[in-house]
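Presented below is the structure to which this report refers.
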Amino acid sequence: MEWDSNSDLSDDEAVSFMLNDDDDDAVGPLPFPVLQTAPCGFVVTDAVEPDHPIIYVNAVFEMVTGYRAEEVLGRNCRFLQCRGPFAKRRHPLVDSTVVSEIRRCLDEGVEFQGELLNFRKDGSPLMNRLRLTPIYGEDEITHVIGIQFFTEANIDLGPLPGSTIKESTKSSDRFHSVLSSLNPVPVGDRNVTRGICGILQLSDEVLSLKILARLTPRDIASVGSVCRHLYELTKNEDLWRMVCQNAWGSETTRVLETVPGARRLGWGRLARELTTLEAAAWRKLTVGGAVEPSRCNFSACAVGNRVVLFGGEGVNMQPMNDTFVLDLNSSNPEWQHVQVSSPPPGRWGHTLSCVNGSRLVVFGGCGTQGLLNDVFVLDLDAKPPTWREISGLAPPLPRSWHSSCTLDGTKLIVSGGCADSGVLLSDTFLLDLSMEKPVWREIPVAWTPPSRLGHTLSVYGGRKILMFGGLAKCGALRFRSSDVFTMDLSEEEPCWRCVTGSGLPGLPGTGNPGGIAPPPRLDHVAVSLPGGRILIFGGSVAGLHSASQLYILDPTDEKPTWRILNVPGRPPRFAWGHSTCVVGGTRAIVMGGQTGEEWMLSELHELSLASSVS
């Protein structure tokens, strides 16, 4: 991915043209030579962190090796010495003397050049002519840059168990496709590209507004590596904002504009970091104030850069109905008890969502008199803030531990949950809060996923929703699940579609999920990323699996595949969906470390997705 960065030139494809340009304003030489006689992978590792974790790979690396950036960021590059993603040991044909020499050069901070056998994700071999160059800060090595010239390895190892000859052939074909696409342009005539590509004869305005603005962030990054003219065009911040808005939607870009330091970071850098997740990291936050009395099973959501907490289960299962706010824009964030008028009845096991800017909506839960199906709305910026009950006609059954999300900033969607006598539900309802007299409407479908509670609903692609996990009914039994279902609400007759499944009976079209699926779980966290990807972690996980491992899925892919996302920092031991919210579209705030029956709300964990919030 040829991404722009703080330096003028961010990777090999982008600079190979410019280094040979004899203009007076050409960029000076890099600390290493760049040759484009073969597909050139480009990798950057962090030399300050233990084991040199990868912080950036380019598109050639992804296309040639078959590994996407999300799968390798945070890992050491030695995984290429293992045959396939599930191998635990270096392949015996990899030269151990070369590996030892690499280790010596890294330890001594000197450059390495050599050739090493590597393996694609599908297990097929390739040779890597590798050059490692240390980059120094003021008094230490801060990064190591690796340039990888890949060529086919003349070794026949046969396909990996479980793979097919057809898959290996596809990788080889993709390799040759990449090779042919990277033939260098002669540099003797700096206008040769204009002669080849008539598109450059268009005006900059037409190029930017009519063509480039309609591309995805990844495509824009690649276009910028073609020549100096396109590189300069793709450095324009207004263009990057249009690209992000077209790719992610106006609501997402509006939210991202509220991120502290976003203007300093720039749209190009923000798009890169939210696409590659190269800057993702865990960190711990300590805040002031207190949420008293102590509680659990509350719900939280974000309004701008404020975290709002409502209700919960107090001592002796006492339902709470108070509201607390934590302003993360403050220099010293602390919990504030907000005095509001006409609060809803106390409850726990409810959902709290943000609609239309500063408005919050509460639905359902369990109160003193049992299960609830009422709706209350609060405008946090009103003077004074007042809860107002919405008397929606034809409400769904009272419930708790359901899931909800908001659509278009005006519509509340509620799915599943637990009704009276512990009956699990499988229905999906929509309430349009923009109407003067809102009416609940059940979304009619021919088939519904198995009844469940503790699952998540996420919005992606504008008007599509994704359901994941939960405690699902299977005959007379109930199991934690890792099922994924999607529904497109823009269709005339929306229907649930099964994307991946845990193999429970009765799920049409389920098989083994692509990639390494998250272990079955409920009460987990689901984060919607710009571009449609969904990030899963935390919850109540079956077996001995770690709840802190991050998993990512792109439901827009032709064959959606789960991937593990490795990020630096120390994650929280516990993370629950009802106590986690996404702030500004770039960070997930996990409230409290559960110790026994106490929730420590003075200690938060933050998963930062962009460096602007670090």
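The values are calculated or read from the model by the stated rules, or taken from the named source; none is laboratory data. Keep in mind that this is a model prediction, so the values were computed, not measured. Ideal geometry is used to build each Cβ from the backbone, glycine not excepted, and the neighbour counts take in all protein chains shown. Ligands, DNA and RNA are excluded from the accessible area calculation, which covers all protein heavy atoms including side chains. Shrake-Rupley method; radii C 1.70, N 1.55, O 1.52, S 1.80 Å.
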request  = For region 388-472, state which GluC sites (Glu not before Pro) are in a DSSP loop and have at most 13 other beta carbons lying within 10 Å of their beta carbon.
outcome  = GLU436
query = Solvent-accessible area per residue for region 41-152 at a 1.4 Å probe radius, Å²?
reply = 44 Å²
remark   = Each label sits 7 Å from Cα toward the beta-carbon; between ASN236 and ASN76 the label points are separated, in nm, by 4.6 nm
inquiry  = On a 1.4 Å probe surface of the protein chains, which of PHE150, PHE479 comes out largest in accessible area, and what is the full order?
reply    = PHE479, PHE150
query = Computed on alpha carbon atoms, what radius of gyration and Dmax characterise region 281-608, expressed in Å?
reply = 18.6, 54
query = Using +1 on the beta carbon of Lys and Arg, -1 on that of Asp and Glu, and nothing else charged, what's the dipole of region 41-152 about the Cα centre, debye to 20?
reply = 680 debye
remark   = Heavy-atom accessible area of region 41-152 with neighbours in place, 1.4 angstrom probe: carbon+sulfur share in percent works out to 51 percent
ask   = Using the Cα gyration tensor of region 386-472, with a ≥ b ≥ c the square roots of its eigenvalues, what is the shape: rounded (a/c below 1.5), prolate (a/b larger than b/c) or oblate (neither)?
value = oblate
key: Alpha-carbon centroids, region 419-470 and region 388-417: separation in whole Å   = 8 Å
request  = Can you check what the net charge comes to around PRO319, using other residues whose Cβ is under 14 Å from the Cβ of PRO319 (Lys, Arg +1; Asp, Glu -1)?
outcome  = -1
remark   = To the nearest 20 debye, region 199-276 has a Cα-centred charge dipole, built from +1 on Lys and Arg Cβ and -1 on Asp and Glu Cβ, of 160 debye
task = Name the residue farthest towards the positive end of the dipole of region 41-152 from the options ILE141, PHE42, VAL64, assuming +1 on Cβ of Lys and Arg, -1 on Cβ of Asp and Glu, about the Cα centre.
result = VAL64
Summed side-chain charge close to PRO555 - residues other than PRO555 whose Cβ falls under 14 Å, Lys, Arg +1, Asp, Glu -1 = +1
remark   = Summing +1 per Lys or Arg and -1 per Asp or Glu among the other residues with Cβ less than 14 Å from HIS402's Cβ gives -2
query = Taking square-rooted eigenvalues a ≥ b ≥ c of the alpha carbon gyration tensor, is region 318-459 rounded, prolate or oblate, where a/c under 1.5 means rounded and, failing that, a/b exceeding b/c means prolate?
reply = prolate
inquiry  = Could you tell me the calculated FRET efficiency between VAL439 and ASP204, based on Cβ-Cβ distance and R0 = 41 angstrom, to the nearest 0.05?
reply    = 0.25
ask   = In Å and whole numbers, how far do the C-alpha atoms of region 199-276 stretch along each principal axis, longest first?
value = 38, 19, 19
query = Using 7 Å Cα-to-Cβ label points, what is the ILE516/ALA382 separation (nm, one decimal)?
reply = 4.9 nm
note = Given a 1.4 Å probe, the accessible area of region 199-276 per residue, as a whole number of Å², is 47 Å²
inquiry  = Using a 7 Å offset from the Cα along the Cα-to-Cβ direction at both ASN329 and ARG129, what is the distance between the two label points in nm, to one decimal?
reply    = 5.5 nm
key: q = 0.14, 0.17, 0.19 Å⁻¹: log10 I(q)/I(0) that the Debye formula gives for region 41-152, counting C-alpha atoms only   = -0.52, -0.78, -0.99
